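See below for the structure under consideration.
The values are calculated or read from the model by the stated rules, or taken from the named source; none is laboratory data. Bear in mind the structure is a predicted one, so any value in this text is a computation, not a measurement. Quick reminder, even Gly has a Cβ in these numbers, built from the backbone with ideal geometry, and neighbours come from all protein chains shown.
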Amino acid sequence: MQFVKVAQLGKTVKEVSLDTDATVATALEAAELRSAGFEVRLNGAPCAGTEKTRSGDIITLVPQIKGGH
Amino acid sequence: MTDFWRQLDIVNPEEHLGFSVTVIGCGGIGSPTVLALAKMGCADISVHDDDRVEDHNLPNQIYRLADVGELKVDSLSNVVLDFTGVKPLRYSQRVGPATELGGVVISGVDSMQARQDIWKAVRYNPAVSVYVDARMGAEVCRIYTIQPTDPDDVAFYERTLHTDGEAQDLPCTAKAIIYNVFMIAALICSQVKKFGCGQAHPREIIFDLVTLSLIVT
């Protein structure tokens, strides 16, 4: 078992418990968050959905933003 | 004469901030940034914007009630003068690919198209020593700080460019809030201070005040 935090910037942060062989994609699925329209970061670095996660990891969904308002 | 005694061991304006700074966009990102830069000790500041102050700008930009209807560059220049004695040079026009830029250039504009235009004037421009591009969306911000003559920095930055259509579509009532623009101005000034002092500065800062997330690369 491992615990991973998943943050969708501007919205929410969740902690999910996962099997030891979990990936970024399964973490997002467990957090009920979709990556469409976001950059996905694993501990700050761009990542693929197939990357393995470890306990303590932070997955971040980063939106594309453009304002100066 | 401003006395910078309280900050001299953090940054000494005479020693570290003698370069010119150009701020493009005088809205939520640009207006507090210009004021903070001047208060920090930057004395050679230029501001670019062709907009006028509107009522809905007052809650999250550094403008006064009496500034409504005035050109932002004029009002901002006066505000900064009142607070600091520094009078920024005013350009009430947009920056395009042919605009001559130099020194430290800071972008706080409202669209990716405007960023593309600024980038054409900045990319591999040896007169621009550092380029800071800040982007805001509600309580989220992304700040890029690069040297535009460094091929690695150029490639890194160009990977962050996208179209306006690819950006998050935020409702008009959820675009900006005063505490976020102060955070952005603070981080931009910190980047400028690091540059002036010859300290390492991150190329990318992403933060979100909703989830209190911070990414620094």
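Data for the structure
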item: Considering residues of the range A:52-68 that are surrounded by fewer than 17 Cβ atoms within 10 Å (Cβ to Cβ) and not polar (S, T, N, Q) only, the residue farthest from the other protein chains (Cβ to nearest Cβ); result: A:Lys52
item: From the options A:Ala22, A:Ala27, A:Ala45, A:Ala7, residue that is within 11 Å of chain B (Cβ to nearest Cβ) and surrounded by 16 or more Cβ atoms within 10 Å (Cβ to Cβ); result: A:Ala7
item: Residue within the range A:55-62 that is touching a helix residue (DSSP H, G or I) at 6+ places or on another chain (Cβ under 9 Å), of a type outside the set (Phe, Trp, Tyr), on the phi > 0 side of the Ramachandran plot and not in a strand (DSSP E or B) present; result: no
item: Qualifying positions in the range A:15-69 - of a type in the set (D, E, K, R) and closer than 15 Å to B:Arg142 by Cβ; result: A:Glu39, A:Arg41, A:Lys66
item: Which numbered condition A:Ala48 misses (of (1) in a loop (DSSP other than H, G, I, E, B); (2) closer than 25 Å to B:Arg115 by Cβ; (3) of a type in the set (A, V, I, L, M, F, W, C)); result: (2)
item: Neighbours by Cβ (under 6 Å, 6+ apart or cross-chain): first from the range B:153-178, more than 11 Å from every other protein chain (Cβ to nearest Cβ); second surrounded by 15 or more Cβ atoms within 10 Å (Cβ to Cβ) and outside any loop (DSSP other than H, G, I, E, B); result: B:Asp153/B:Ile146; B:Tyr157/B:Tyr144; B:Tyr157/B:Ile146
item: Hits in the range B:64-89 - residues which are crowded, with 21+ Cβ neighbours inside 10 Å, touching a helix residue (DSSP H, G or I) at 6+ places or on another chain (Cβ under 6 Å) and not β-branched (Val, Ile, Thr); result: B:Asp67, B:Ser75, B:Leu76, B:Pro88
item: B:Leu81, sole failed condition from (1) closer than 27 Å to B:Gly69 by Cβ; (2) among the aliphatic types (A, V, I, L, M); (3) part of a strand (DSSP E or B); result: (3)
item: Scope the range B:106-145; condition away from every other protein chain (no Cβ under 14 Å), among the β-branched types (Val, Ile, Thr) and touching a residue at least 40 places away in the same chain (Cβ under 8 Å); matching residues; result: B:Val130, B:Thr145
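Rundown of residues vs (1) surrounded by fewer than 18 Cβ atoms within 10 Å (Cβ to Cβ); (2) modelled with pLDDT of 95 or more, yes/no style:
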{"position": "B:Pro171", "(1), (2)": "yes, no"}
{"position": "B:Lys175", "(1), (2)": "no, no"}
{"position": "B:Asn180", "(1), (2)": "no, yes"}
{"position": "B:Ile184", "(1), (2)": "no, yes"}
{"position": "B:Cys189", "(1), (2)": "no, yes"}
{"position": "B:Gly196", "(1), (2)": "no, yes"}
{"position": "B:Gln199", "(1), (2)": "yes, yes"}
{"position": "B:Val210", "(1), (2)": "yes, yes"}
{"position": "B:Ser213", "(1), (2)": "no, yes"}
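Each row is one residue, and each column tells you yes or no for (1) in a loop (DSSP other than H, G, I, E, B); (2) out of contact with any Lys or Arg (no Cβ under 8 Å at 6 or more places or on another chain); (3) polar (S, T, N, Q).
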{"residue": "B:Asp3", "(1), (2), (3)": "yes, yes, no"}
{"residue": "B:Val23", "(1), (2), (3)": "no, yes, no"}
{"residue": "B:Cys26", "(1), (2), (3)": "yes, no, no"}
{"residue": "B:Thr33", "(1), (2), (3)": "no, yes, yes"}
{"residue": "B:Lys39", "(1), (2), (3)": "no, yes, no"}
{"residue": "B:Asn60", "(1), (2), (3)": "yes, yes, yes"}
